Structures are given as structure tokens and as C-alpha cells.
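A short worksheet on the structure shown next.
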Amino acid sequence: MLEAAKSALQKAERPVTFSGAGLSAESGVPTFRTAQSGLWAEYDPMELASPEGFAADPALVVDWYNQRRRTIAAAQPNPAHIAMALRNDMVHITQNVDDLLERAGAGDLVHLHGSINRDKCSAGCGYREIVDMADPHSLRLCPRCGHSMRPDVVWFGEQLPRVEWLRADELAAQADAFIVIGTSAQVYPAARLITTARTAGATVIVVNIEPDSAPGIHLTGPAGLIVPQLLS
Ligand code: BJW
């Protein structure tokens, strides 16, 4: 399977990667659907990552993001991030809100679900700020309009950023190899990119620790091991 995938990639002129939380798992960043531990075990990430969750208890949601920010600040890119960053012939579409691909040196990167290292005004006045990931502020007010600040990420029920979504959709439609790394592909519209690429004729290569029965070439195993072999 690895040889078949490498051979498809060698012929590809427009290879694209599409990644999810499994890419950063070996850096010590828990996946979205990993059971939470410690103080956060009783909370459901699907509820925390929503406008409704923020409206109900904004300080709690910001504390949850701050705990994740500290984890990401302490994490390092793993061999999969580094192998991807070395392929400057590829565009990388990611659902991840962490900055590990940037820190690995990836150039052309599309963040579909925003970035956890920024805050924005929750009322939409447009004010944004870079966050100190190692020592983030607790809940505070927008200095421009006085409403609460929130992480600059895409929550359930919110639209994806338009420019990034349109670019990702076009990249998927034009890709001849589409490498899907460490995502459960349960969240839409991002997961639709896989169908878009497949329908347009791309070879879909899936790297995941869990086996999958969807059409494509499946490389079952940890991204940190498989991706460097695939992309070298
Ligand atoms: C490894 C590994 C290792 C582990 N190596 N692999 C159509 C159908 C059904 C529902 C919808 C639909 N269209 C829209 C919806 C609703 C909703 C949705 O999709 N719900 C589903 C849950 C059903 N979508 C939305 O609301 C989206 N907005 C939208 O559609 O706007 C239009 C609209 C507006 C108003 C009304 C209706 C429509 C927005 C979605 C935003 C998602 N945001 C999050 C949170 C970001 C901020 C944060 O991080 O807190 O994004 S949710 C979360 O899921 C996060 C992730 O980016 C995303 C994807 O998760 P991912 O990356 O796949 O992680 P996991 O944990 O699920 O999977 C990890 C995988 O890795 C697993 O497969 C493991 O096996 C694997 N793995 N270790 C390789 N070492």
C-alpha cells in the first residue's frame, strides 16, 4: 500500500494534504474526540466549542481554551509535521487550530477552523489579537467595543472563513493526489473536501491509526511514522 501511495504521489502534479487532530496527537495535543482528562473530564468538547456553550459560561470556555493553549505551547512539531513542511510542492489544508505546521516551517497552509493563537471580539467588531499561548489571559473584554473576547476559531453552527473555504474547495477539486491525515472526517463542510477530491479524480490516500473502508489507499498507523515514509 505504501508503494502504491508513493507511486501515485510521484505522478501527482497537484498534491494536497488535508489534516485533522490525529496529525498533532504524537506531539501530545489530544484529539478533539479523545476522552478529556482531569478537570475537564465532565465536559463535552462539542458543547464547549459552540456559541451556545460560550453564551452559557464564557469564562469556562476561555479556561478550556487556555488549558489547550498551554498544552500546544509546550508541544513540538512531530516527524509528520516536519515531513509535510519539507514538501513545498504541496498545499496543506488543515482543520487543526494549533500552529505546529507553521512551526515546522510549512509554507502554503489553509486553516479551515481558525487559529487558537488568536482572540477576536465575540460581538464581531473586527478586533483581533495574538495570544500568549504559554500564559494566556482569562476572560476579558474587547478594548475596542467592550464585549467579551473569544478564541478566533470556528465553532459548531458557525460559518467557515470564506476565503479559506473557497480556496480549500478549489484545491480539492483540482488535486490529483489528496492525502487525508488523522481526521475522523465527521465534521462538515470540511469532510466534504474528501468527496470533492475523489469525485474530481484524485487518488485519495488516508493515513490514520484506525482502518477505514472508504475508497482509496489506506495506510493504517501513526502519522508520525507513516507520513515521513510517504512524503520522503
Ligand atoms: C491518528 C492518530 C495518529 C489519532 N496518527 N491518526 C452536514 C451534515 C451533518 C452535519 C453538518 C453538515 N453541515 C454542517 C453540519 C453541522 C456541523 C457538523 O459537521 N457537525 C457534525 C459533528 C455532524 N458543522 C458545523 O457546524 C460547521 N459549520 C457550518 O457547517 O456552517 C454552516 C452552517 C451554519 C449554521 C447552521 C448550519 C450550517 C462548523 C464546524 C466547526 C468545527 N469546529 C471544531 C472546533 C474548532 C475549535 C477547537 O478546536 O476547539 O473543529 S470541532 C472539531 O472537529 C475541530 C476539528 O477541527 C474538527 C475535526 O475533528 P478531527 O480533526 O477529525 O479530530 P477527531 O478527534 O474527530 O479525529 C481524530 C482522528 O485522528 C481519528 O480518526 C483518529 O483515529 C485519528 N488519529 N491519533 C494518525 N497518531
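General remarks:
- Hits in the stretch 67-126 (condition: part of a helix (DSSP H, G or I) and open to solvent by 50 Å² or more (accessible area, probe 1.4 Å)): Gln67, Arg68, Arg70, Ala74, Pro79, Ile82, Leu86, Glu102, Arg103
- Every residue from the stretch 204-232 that is polar (S, T, N, Q), open to solvent by 50 Å² or more (accessible area, probe 1.4 Å) and at pLDDT 95 or above: Thr220, Gln229
- If you go through the stretch 168-181 and keep only what is open to solvent by 10 Å² or more (accessible area, probe 1.4 Å) and within 14 Å of the ligand (Cβ to nearest atom), you end up with just Asp169.
- Taking first residues from the stretch 182-195 that are under 11 Å from Trp165 (Cβ atoms) and partners that are modelled with pLDDT under 95 and surrounded by 14 or more Cβ atoms within 10 Å (Cβ to Cβ), no Cβ contact under 9 Å between residues at least 6 apart in sequence or on separate chains turns up.
- Tally, over the stretch 140-162, of residues that are farther than 18 Å from Gly114 by Cβ and small (Gly, Ala, Ser): 1
- Residue in the stretch 75-90 that is in contact with a Phe, Trp or Tyr (Cβ under 9 Å, 6 or more places away or on another chain) and either more than 15 Å from Trp155 (Cβ to Cβ) or away from the ligand (no atom under 15 Å from the Cβ) (or both) present: no
- Selection from the stretch 138-164 of residues that are away from the ligand (no atom under 15 Å from the Cβ), part of a loop (DSSP other than H, G, I, E, B) and free of Cβ contacts under 8 Å to residues at least 40 places away in the same chain: Arg140, Cys142, Pro143, Arg144, Cys145, Gly146, His147
- When restricted to residues that are more than 22 Å from Arg198 (Cβ to Cβ), more than 9 Å from the ligand (Cβ to nearest atom) and either open to solvent by less than 10 Å² (accessible area, probe 1.4 Å) or touching a strand residue (DSSP E or B) at 6+ places or on another chain (Cβ under 8 Å) (or both), the stretch 8-31 contains 0.
- Flag for Met1 being farther than 23 Å from Asp119 by Cβ, in contact with a Leu (Cβ under 9 Å, 6 or more places away or on another chain) and either at pLDDT 95 or above or not assigned by TED's automatic domain parsing to the domain that holds Arg192 (or both): no
The values are calculated or read from the model by the stated rules, or taken from the named source; none is laboratory data. In this text, all values refer to a predicted model and were calculated from it rather than measured experimentally. Because the Cβ atoms are built from the backbone with ideal geometry, glycine has one as well, and the counts that use them run over all protein chains shown. Areas reflect the complete protein model, heavy atoms only, side chains present, ligands, DNA and RNA absent. Shrake-Rupley method; radii C 1.70, N 1.55, O 1.52, S 1.80 Å.
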